[in-house]
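Asks: Right, I'll just put the structure down here and ask away after.
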Amino acid sequence: MRMRKKKNGAARMEACTEWLLKTPEDLWALKDRAPFYLEIGCGKGGFITATAKANPDRFYIAVELVSDALVTALERAKAEDIPNLRFVNLNAKELGEWFAPGEIAEIYLNFSDPWPKKGHAKRRLTHRDFLAVYKPLLTEGGKICQKTDNVGLFDFSLEEFAEAGWRLEAVTRDLHDSEWAEGNIMTEYEKNFSEQGSPIHRLEAYPD
Ligand SMILES: C[S@@+](CC[C@H](N)C(=O)[O-])C[C@H]1O[C@@H](n2cnc3c(N)ncnc32)[C@H](O)[C@@H]1O
């Protein structure tokens, strides 16, 4: 996602410090709130904010690589004063330095960057190297939920999960016209793509 540099980004982030985990120690201080529900690549945070509000008994953490996107998400959580949500400015490949084994119940991968060039396959968030990072962090029975409009990324993900021995469930190539549509919370990208008529692909993957 290309983003224009936000004015006063650092200061705006600092103003939301209550919702921002700056170091692994900040996360470890929340240990008693585990298991965590984690979104990777939350963008502007519409999905995770609405999901945390709808499930006040669960504790949500959203990871985002690009700080300018994170500022918007943080300001949204602060404006809505959401107590069960925190954000981390992090590359997903470093998750193992923050989370302990068996600490995450669900991981949401929503409209991850498709990286269509073959040479960029390792950057896709469902590449086997990323699956190897996620697997030990999931609880027993834990899962990944993926949504995307991108057929190439979806096909690649199905292959990577199968190759790594993950079990697939609730697979659909048209989420909004499926049995899993009810209760679906849309992301910013999902709203845009479905308004343009693109079907939304969705899967659940279990490492057991
Ligand atoms: C296409 S956007 C989708 C945003 C949002 N999930 C949605 O559906 O509206 C993908 C987001 O993933 C973030 N991202 C990409 N690679 C990442 C990584 N390795 N770790 C954390 N975030 C990443 C990008 O910065 C971007 O904000």
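Please treat every number below as a calculation from the coordinates, not as lab data. Since this is a predicted model, take the numbers as computed values, not measurements.
Asks: For region 82-140, what does the convex hull of the Cα positions come to per residue, in cubic angstrom?
Replies: 106 Å³
Asks: On to the next question. Looking only at Cα atoms, what is the convex hull volume of region 19-206 per residue, in Å³?
Replies: 118 Å³
Asks: Could you tell me what a quarter of the Cα convex hull surface of region 112-208 works out to, in nm² with one decimal place?
Replies: Dividing the Cα hull surface by four gives the mean projection, 6.4 nm².
Asks: Right, next: Based only on Cα atoms, what mean projected area does the convex hull of region 151-205 have, in nm²?
Replies: Result: 3.9 nm².
Asks: Right, here's the next one. For helix 151-163, what angle does its Cα long axis make with the longest principal axis of the chain, in degrees from 0 to 90 and rounded to 10?
Replies: Once rounded, one gets 80 degrees.
Asks: Beyond 20 Å between alpha-carbons counts as too far, so tell me which of Lys6/Lys44; Lys93/Lys135; Lys22/Lys93; Lys93/Lys143; Lys5/Lys191 fall in that bin.
Replies: Lys5/Lys191
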